[in-house]
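What follows is a short report on a single structure.
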Amino acid sequence: MQREESRTELGTIRIHKNVIASVASLAALEIDGVKRVGGNFRSGLMELIGKKALSIIHVEINKNEEVKLEIPLVIKYGFNIPDIASKVQENVRNNLEKMTNLSIKDININVQGIEKT
Amino acid sequence: MRTLGILFYTAVLVLIGILMFLFAVVFSFDRLQPQCIKYINDLLFYMQSSMNYRVILGLSGLLLILISFSFAQLILSRFQREKTIAFPTSSGEVTIALSAVEDLIRRLAGIIPEIKELRPDVIATKKGIIVDIRVVLKAEANIPELTSRLQEITRSKIQEVLGIEEQIIIKIHVAKIISLEERDRKRKETEKEEPTIPFSGYGRA
């Protein structure tokens with residue numbers, strides 16, 4: 001798995017894609033209206049194996065070191081989806097920029113289902 | 001590319017079909033002579049003894065498996081990708097699975113008590129969103145009033161939750177009307193089917 005790398009005077013700092021996925025997952029769950037991260041067949045299979053946010057959220061880092069995320073979500077019944085999706089995008093961007101100093105290009109939200117609270 | 005994948009699978013299936021058909025014809029006219037079997041046998045023995053043939057055969061098999069897997073994945077991913085509603089935002093794209101919209105509509109059955117069962121099917125087209133709902137109603141329901149109420153609730157709920165301006169076409173199909181007697185009979189049947197625990201009335205000292 002590719003890692004995001006930055007140089008300091010003392011050496012290099014590498015951030016694994018799994019860390020980016022975990023931060024994104026936790027940030028998404030902070031938003032009221034998000035039931036859970038995941039929801040499709042692939043993520044269900046991954047959860048069954050034991051890989052939680054690591055493989056559910058797709059993280060892509062391009063040559064310009066820009067991060068692109070794809071987050072599958074299940075939304076609680078009764079909430080406005082575009083509103084929740086934009087809140088998730090904003091929170092994920094803020095948290096990732098604050099915690100990792102990465103430049104975020106795209107945060108794509110994929111609503112997979114709606115469940116009752 | 002998708003067309004190529006479909007063509008590949010069609011060609012493979014047609015080839016298998018032609019082979020089976022030819023075998024059926026050969027068998028029905030008793031054309032399978034011992035010489036033919038001997039020729040096939042010799043060919044197989046020759047292939048077994050030649051290293052080059054074995055390698056070519058194995059590699060061709062692996063290549064065929066890889067090609068069919070990649071085509072299958074391509075076709076399936078295309079089909080999956082089409083089953084969403086997408087809109088761009090400043091931070092990226094938001095896609096909503098049509099199954100999520102179906103989940104949302106299914107929840108509406110709880111709001112209207114006259115609906116016994118509700119099965120939605122959502123299709124996204126260039127014209128807008130087409131919602132096909134199959135419902136099973138209770139006998140006391142006034143169908144024209146109820147269906148128009150269901151259409152209105154579904155439309156407003158989709159617009160409210162998805163926040164889309166596109167046209168929403170809602171088609172309702174009343175599949176069945178359950179009478180009160182039928183409902184009572186079903187309830188009695190389920191009560192009868194419940195197993196009784198022997199000596200359940202006796203308590204232990």
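The values are calculated or read from the model by the stated rules, or taken from the named source; none is laboratory data. None of these values were measured; they are calculated from a predicted model. So basically every Cβ, Gly included, is an ideal-geometry build from the backbone, and we count neighbours across all protein chains shown.
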Out of the strands (runs of 3 or more DSSP E) lying entirely within the stretch B:79-130, which hold 2 or more residues that are of a type outside the set (Lys, Arg), touching a residue at least 40 places away in the same chain (Cβ under 8 Å) and at the interface with chain A (Cβ under 9 Å from one of its Cβ atoms)? B:84-89
Meets criteria (among the β-branched types (Val, Ile, Thr), part of a helix (DSSP H, G or I) and modelled with pLDDT of 85 or more) for B:Ile56: yes
A:Ile107 meets each of (1) facing another protein chain (nearest Cβ under 8 Å); (2) surrounded by 17 or more Cβ atoms within 10 Å (Cβ to Cβ); (3) within 30 Å of B:Leu108 (Cβ to Cβ); (4) of a type outside the set (Lys, Arg) with one exception, condition (3)
Within the stretch B:149-177, residues among the hydrophobic types (A, V, I, L, M, F, W, C) and away from chain A (no Cβ under 14 Å) come out as B:Leu150, B:Ile168, B:Ile169, B:Ile170, B:Ile172, B:Val174, B:Ala175, B:Ile177
Please work out if B:Leu64 is more than 32 Å from the chain's Cα centre (by Cα) and surrounded by fewer than 13 Cβ atoms within 10 Å (Cβ to Cβ). no
Among the residues of the stretch A:57-69, is there at least one that is more than 14 Å from chain B (Cβ to nearest Cβ), at pLDDT 85 or above and either over 19 Å from B:Glu93 (Cα atoms) or surrounded by 15 or more Cβ atoms within 10 Å (Cβ to Cβ) (or both)? yes
Can you tell me which of (1) out of contact with any helix residue (DSSP H, G or I) (no Cβ under 8 Å at 6 or more places or on another chain); (2) modelled with pLDDT of 85 or more is the one B:Phe79 doesn't meet? (2)
Checking B:Glu140 against (1) of a type outside the set (Lys, Arg); (2) under 29 Å from B:Phe87 (Cβ atoms); (3) part of a loop (DSSP other than H, G, I, E, B), only one condition comes out false. Which one? (2)
In the stretch A:87-104, what count of residues is obtained for those that are surrounded by fewer than 19 Cβ atoms within 10 Å (Cβ to Cβ) and at the interface with chain B (Cβ under 8 Å from one of its Cβ atoms)? 1
